[in-house]
């Protein structure tokens, strides 16, 4: 009942009215699924001439011959018969259509992957796996219903990220473990950890003169004429949300181990209890920090490969804003993870 109530409350507490800039030039533009029927002969190596059958929309059931551009470097699609694709259709009038091959259709295969993931959690995790799925679903709902719409509505990113982090942390820990000392000590450690990550990001972000200029930022700034986005604060909130999962894992691992220690030795002194908890935390710190750092390295792998391939000067690389951002994200998050250990340990000891 608690889970159902929290889900209902989440939907009710989503008052954000996202007002974004509308591009009038796209009013006669739609996306439709289609299937490639045939690859037609062509003398050019810059494009494929394909025959497609449109499966939805106002042109459903109609066949068109379309040129698939093979010269674009950002998203090359080498099509074959029976491929399902996404078309962008622009119409100037009822009989004049400009059709562009936009993307492969991937949603069905992604759905299979999601179902396989859920099944694996249920088979291996049992009841705990089901609770984990509920927790993941709730987290996705918080991000998609509260966090992102709130940012787009102009709410303070720092406050919003902290509120959403508290909601996610509380729900994740309580749903899987109930209302007990283990959950509350984990919650204190998690909140303390993300607070540290937030402070480090805020202080170092200003010190490093991070301006958050990128193509995505330019696009975001065009969304609304009435909202002045604070992109440094948005970056701050991304670090908090990004470090949240690892902080929850760390705090719960330490609190669970301490709970087992207490159950097996109820007469343990507070000093010994602290030492045991810190020993557990030290064992987990290395793997958790590795997890966070490698996640950020993986997201920037292609950029790093380019730097190495072109033998770019280290001084140039070290002072790039993009590199500074990734280093700040990974180290701020890792510092939060490290400090969540003593916070969890001390709070658990004080609860006895």
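The values are calculated or read from the model by the stated rules, or taken from the named source; none is laboratory data. Note that the structure is predicted; figures quoted are calculated from it, not measured. Cβ atoms come from the backbone with ideal geometry, glycine included; neighbour counts cover every protein chain shown.
Condition check for residue 228 on (1) touching a helix residue (DSSP H, G or I) at 6+ places or on another chain (Cβ under 8 Å); (2) in contact (Cβ under 8 Å) with a residue 60 or more places away in the chain: one failure, at (1). Tallying residues that are within 21 Å of residue 239 (Cβ to Cβ) and surrounded by fewer than 22 Cβ atoms within 10 Å (Cβ to Cβ) within segment 172-188 yields 1. Any idea which residue in segment 249-290 is nearest to residue 334 (Cα to Cα), counting only those that are part of a loop (DSSP other than H, G, I, E, B) and out of contact with any helix residue (DSSP H, G or I) (no Cβ under 9 Å at 6 or more places or on another chain)? Filtering first and then ranking leaves 269. Here segment 189-200 is the region considered, the condition is being crowded, with 24+ Cβ neighbours inside 10 Å and within 20 Å of the chain's Cα centre (by Cα), and the residue that is farthest from residue 130 (Cα to Cα) is 197.
Of all residue pairs spaced 6 or more apart or on separate chains, those with beta-carbon atoms under 7 Å, a first member in segment 107-126 that is part of a helix (DSSP H, G or I) and a second member that is at pLDDT below 95 are 118/133; 121/129; 121/132; 121/133; 122/129; 122/130; 125/132. Selection of first residues in segment 271-282 that are assigned by TED's automatic domain parsing to the domain that holds residue 255 and surrounded by fewer than 17 Cβ atoms within 10 Å (Cβ to Cβ) and of second residues that are part of a helix (DSSP H, G or I) and modelled with pLDDT under 90, restricted to Cβ pairs under 6 Å at least 6 apart or on distinct chains, gives an empty result.
Screening 294, 244 for residues that are farther than 22 Å from residue 184 by Cβ and either within 26 Å of the chain's Cα centre (by Cα) or free of Cβ contacts under 8 Å to residues at least 24 places away in the same chain (or both) leaves exactly one candidate, 294. Taking strands (runs of 3 or more DSSP E) as the structural unit, no element lying wholly within segment 1-80 holds at least 2 residues that are touching a helix residue (DSSP H, G or I) at 6+ places or on another chain (Cβ under 8 Å), closer than 30 Å to residue 146 by Cα and modelled with pLDDT of 90 or more.
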